[in-house]
Amino acid sequence: MWLANQLEDETIYLKKTMVEEIVLEDTRKNNYLFIKKNMSVEIAADLLKNDRRLDALLITENGKVSESPLGIITPSDL
């Protein structure tokens, strides 16, 4: 979404853009969830299938926002 919005403006300088800037501008903050790395694939798939607003499941050690991402699951992975 951020990139699409930038295309309406001038040149995009990705090397100078910080991830924090993109996250702060994100108006769709509820389109992802953090999940534990040991969650079953079946439960993760059900989350994505049952909530069409979800674009991604971000995998961390314990499912906490403060942890580094280990992976990502998107609807296209199913």
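For region 17-74, a tally of residues being in contact with a Ser or Thr (Cβ under 9 Å, 6 or more places away or on another chain) and aromatic (Phe, Trp, Tyr) returns 1. Considering only residues in region 4-44 that are at pLDDT 75 or above and among the acidic types (Asp, Glu), the one that is nearest to the chain's Cα centre (by Cα) turns out to be Glu20. Residue pairs whose Cβ atoms lie under 7 Å apart, separated by 6 or more positions or on different chains, with the first residue in region 39-66 and without any contact (Cβ under 8 Å) to a residue 12 or more places away in the chain and the second surrounded by 11 or more Cβ atoms within 10 Å (Cβ to Cβ) and assigned to a helix (DSSP H, G or I), do not occur.
May I ask you to verify whether Lys37 is basic (Lys, Arg) and either surrounded by 10 or more Cβ atoms within 10 Å (Cβ to Cβ) or touching a helix residue (DSSP H, G or I) at 6+ places or on another chain (Cβ under 6 Å) (or both)? Step through it out loud before you land on a result.
Working: basic (Lys, Arg): yes; either surrounded by 10 or more Cβ atoms within 10 Å (Cβ to Cβ) or touching a helix residue (DSSP H, G or I) at 6+ places or on another chain (Cβ under 6 Å) (or both): yes.
For Lys37, the condition - basic (Lys, Arg) and either surrounded by 10 or more Cβ atoms within 10 Å (Cβ to Cβ) or touching a helix residue (DSSP H, G or I) at 6+ places or on another chain (Cβ under 6 Å) (or both) - is met.
Here is the figure for region 61-76: residues that are closer than 22 Å to Trp2 by Cβ and modelled with pLDDT of 90 or more total 8.
The values are calculated or read from the model by the stated rules, or taken from the named source; none is laboratory data. These figures come from a predicted structure and were not determined experimentally. We place every Cβ from the backbone using ideal geometry, glycine too, and count neighbours over all the protein chains shown.
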